[in-house]
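Undergrad: Dropping a structure here in structure tokens format, bear with me for questions.
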Amino acid sequence: MNPLWDRLFAPLAARNDALLTLPDGGMVTGAAFHALALGLAGRLAAEGVAPGDRVAAQVAKSPQALALYAACIAAGAVFLPMNTAYTPSEVEHFLTDATPKLLLHDPAAGLAGLAARLGLRALTLNAAGQGSLRPAAPLDPVARAEGDLAALLYTSGTTGKPKGAMLTQGNLLSNALALAGLWRFTDRDVLLHALPIFHTHGLFVAVNTVLAAGGSLLWLPAFDANEVLRLMPRATAMMGVPTFYTRLLDHPGLTRAATAHLRLFTSGSAPLLPETHLSFTQRTGHAILERYGMTETNMSTSNPHDGERRPGAVGFALPGVEIRLNAAGEVEVRGPNVFAGYWNLPEKTAAEFTADGFFRTGDIGRLDPDGSLRIVGRAKDLIITGGLNVYPVEVEEALDAVPGVLESAVIGLPHPDFGEGVFALLVPRPGVTLDPAAVLAEVAPRLARFKQPKAAVLVDALPRNAMGKVQKADLRRAYADRFAARR
Ligand code: AMP
């Protein structure tokens, strides 16, 4: 028994219709995908990957990259996908922390030297789905239990360096089944998939839910408004981050007719502004269904499929999931969706759970009278830009290391395109003349592009409270209009 394989992937063997349809009209049938996944699982085993071993991948989105995820499940390995924007020095942290047995990388990303230095086995897979990762003799899926790990996803979450969230087979399967039922997915659904697959949204929420229902995917390498609008007439559903919706609203091609074939649009990973929700309804007649979750918990709440999809609210707890607010207003979650803890960090894990087993999300929530949740803030200043998390401390450390910088503060400001844009305040050392643009250029090689501040200003000092803490809320207020409010 291998619950995730048996329920999500094994049924593909009998499908001669498209599982993945590519933008150029090409397709991968369910049976072909199934065969590729077992062939790649055979290859993993031949490379020495045993059940429980981590397999790290920093590869572009392709059918082969998705088959690698399936192969890891078949082989009982723990899949560790990494954001393609991460620089080699960031990747090094994941590799030394997770100690994978094998690394899959795109030759263009320049990781070969790092793998050699760490003594790590490495195979390549490029954006076209080609490289030294080739199928071997198919592997019989290995036995796994619901409590066994299926994936390790690094998240900046709330504090310090990215931590590996351990996700079990049962976590992923319970969430896929809950969402497929709640959102009425069937084998007739075609999901327009333009999300990245190194993140829980694109990989698990989107892919696993469709697989659980026996549907198929329109497999786009990335989000492009023209491409998305061109392909919409072939899709029945789309899952997006709020940035997708603001970009579509900026496109004259977004009309009632263009979206007529779809039955469902969902949004998550960051707050969907009520204006965006309402403008989308006006333009298309569709009310976006907003849901809420995080890497550690998978999805926890959702607006109803058949009831009111309330702008600004993230809805009700999923079946089997419990949600509550603690005295500080922080959202706490318990259920089969909640992860098994942070890799190598038992104390940190213990600190994030209450005595009765609820996970503290770090999100501040409010409940409407009927129990629908609203997310009103983040306890610890996490920035979400274009759906991706940026932990300010990591950026501040890079800025502070630049000669001439005394200290810095990094905050997220409302941004019309990215939801939040990363913004930096720099305090120069006494007597030093700093050029903010030059400081940003200097940290660029050390930070993934999405973490790099979009602008920086010089200030004489940072506002602090009596405890010496920088008052970021004050800074966010003072610079709120910096990235031009949405019209
Ligand atoms: P991640 O682990 O990258 O999925 O990020 C999770 C965080 O994204 C959550 O803790 C929330 O702060 C935020 N988030 C996810 N969905 C929503 C939503 N619908 N509204 C507001 N914030 C959200």
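The values are calculated or read from the model by the stated rules, or taken from the named source; none is laboratory data. Note that the coordinates shown come from a computational prediction; the quantities given were computed from them, not determined experimentally. Note that we place each Cβ from the backbone using ideal geometry, even for glycine, and neighbour counts take in every protein chain shown.
Undergrad: For the range 343-379, how many residues are more than 10 Å from the ligand (Cβ to nearest atom) and not in a strand (DSSP E or B)?
TA: 20
Undergrad: Further question: From the list 423, 450, 483, pick out the single residue that is among the aromatic types (Phe, Trp, Tyr) and assigned to a strand (DSSP E or B).
TA: 423
Undergrad: Say we look at the range 299-342 and pick out the residues that are farther than 15 Å from residue 360 by Cα and among the charged types (D, E, K, R); which of these is farthest from the ligand (Cβ to nearest atom)?
TA: Step by step, filter the range 299-342, then rank; the result is 306.
Undergrad: Kindly list, by first and then second residue, each pair from a residue in the range 442-463 that is over 15 Å from residue 402 (Cα atoms) and at pLDDT below 95 to a residue that is among the small types (Gly, Ala, Ser) and not in a loop (DSSP other than H, G, I, E, B), limited to pairs with Cβ atoms under 6 Å and residues at least 6 apart or on different chains.
TA: Correct list of pairs: 462/409.
For (1) basic (Lys, Arg); (2) under 21 Å from residue 343 (Cα atoms); (3) surrounded by fewer than 18 Cβ atoms within 10 Å (Cβ to Cβ), each residue gets a yes or a no:
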site	(1), (2), (3)
82	no, yes, no
95	no, yes, no
125	no, no, no
141	no, no, no
147	no, yes, yes
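Undergrad: Given the conditions (1) surrounded by 18 or more Cβ atoms within 10 Å (Cβ to Cβ); (2) modelled with pLDDT under 95; (3) over 24 Å from the mean Cα position of the chain (by Cα), which single one is not true for residue 383?
TA: (3)
Undergrad: Only residues that are touching a residue at least 40 places away in the same chain (Cβ under 8 Å) and in contact with a Gly (Cβ under 7 Å, 6 or more places away or on another chain): list them for the range 233-261, please. Even if it seems obvious, please write down each step before you answer.
TA: Restricting attention to the range 233-261, the residues satisfying the condition of being touching a residue at least 40 places away in the same chain (Cβ under 8 Å) are 234-247.
Within the range 233-261, 241, 242, 243 qualify.
Undergrad: How many residues does the range 407-433 contain that are over 15 Å from residue 482 (Cα atoms), touching a Ser or Thr at 6+ places or on another chain (Cβ under 8 Å) and surrounded by fewer than 22 Cβ atoms within 10 Å (Cβ to Cβ)?
TA: 1
Undergrad: Moving on to the next point. Name the single residue, out of those in the range 1-33 being in contact (Cβ under 8 Å) with a residue 12 or more places away in the chain and part of a strand (DSSP E or B), that is surrounded by the fewest Cβ atoms within 10 Å (Cβ to Cβ).
TA: 29
Undergrad: Then there's this: Show me the strands (runs of 3 or more DSSP E) found entirely inside the range 234-298 where at least 2 residues are aliphatic (A, V, I, L, M), within 16 Å of the ligand (Cβ to nearest atom) and closer than 21 Å to residue 23 by Cβ.
TA: 237-240
Undergrad: Follow-up question, since we're still on this one. How do the pairs read when you match residues in the range 345-366 that are under 13 Å from residue 165 (Cβ atoms) with residues anywhere that are aromatic (Phe, Trp, Tyr) and more than 12 Å from the ligand (Cβ to nearest atom), using Cβ under 7 Å and keeping only pairs 6 or more apart or on different chains?
TA: Here the result reads 348/342; 349/342; 359/353, each pair linking the range 345-366 to a residue that is aromatic (Phe, Trp, Tyr) and more than 12 Å from the ligand (Cβ to nearest atom).
Undergrad: Okay, moving on. Out of the residues in the range 213-229 that are surrounded by fewer than 21 Cβ atoms within 10 Å (Cβ to Cβ) and in contact (Cβ under 8 Å) with a residue 40 or more places away in the chain, which is nearest to the ligand (Cβ to nearest atom)?
TA: Ranking the candidates gives 222 first.
Undergrad: Just name the residue that is surrounded by the fewest Cβ atoms within 10 Å (Cβ to Cβ) out of those in the range 343-370 that are more than 23 Å from the chain's Cα centre (by Cα) and hydrophobic (A, V, I, L, M, F, W, C).
TA: Looking at the filtered set, the residue picked out is 355.
Undergrad: Ok, one more. Would you mention how many residues in the range 34-54 are within 29 Å of residue 222 (Cα to Cα) and surrounded by fewer than 17 Cβ atoms within 10 Å (Cβ to Cβ)?
TA: 1
Yes/no per residue for (1) more than 30 Å from residue 455 (Cα to Cα); (2) in contact (Cβ under 8 Å) with a residue 24 or more places away in the chain; (3) not in a strand (DSSP E or B):
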site	(1), (2), (3)
327	yes, no, yes
333	yes, yes, no
402	no, yes, yes
412	no, yes, no
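Undergrad: Please verify whether the range 171-194 includes one or more residues that are surrounded by fewer than 22 Cβ atoms within 10 Å (Cβ to Cβ), within 24 Å of residue 89 (Cβ to Cβ) and in contact with a Gly (Cβ under 6 Å, 6 or more places away or on another chain).
TA: No, the conditions are met nowhere in the range 171-194.
Undergrad: Filter the range 97-109 for residues that are crowded, with 17+ Cβ neighbours inside 10 Å and assigned to a helix (DSSP H, G or I) and give the result. Step through it out loud before you land on a result.
TA: Going through the range 97-109, the residues crowded, with 17+ Cβ neighbours inside 10 Å turn out to be 97-98, 100-106, 109.
Within the range 97-109, 97, 98, 109 qualify.
Undergrad: Exactly one condition in (1) in contact (Cβ under 8 Å) with a residue 24 or more places away in the chain; (2) farther than 30 Å from residue 238 by Cα; (3) in contact with an Asp or Glu (Cβ under 9 Å, 6 or more places away or on another chain); (4) surrounded by fewer than 18 Cβ atoms within 10 Å (Cβ to Cβ) is false for residue 114; which is it?
TA: Looking at each condition in turn, residue 114 falls short on (4).
Undergrad: Is the range 150-171 home to any residue that is assigned to a helix (DSSP H, G or I), away from the ligand (no atom under 16 Å from the Cβ) and within 20 Å of the chain's Cα centre (by Cα)?
TA: Scanning the range 150-171 turns up at least one residue that is assigned to a helix (DSSP H, G or I), away from the ligand (no atom under 16 Å from the Cβ) and within 20 Å of the chain's Cα centre (by Cα).
Undergrad: Return yes or no: is residue 397 assigned to a helix (DSSP H, G or I) and charged (D, E, K, R)?
TA: yes
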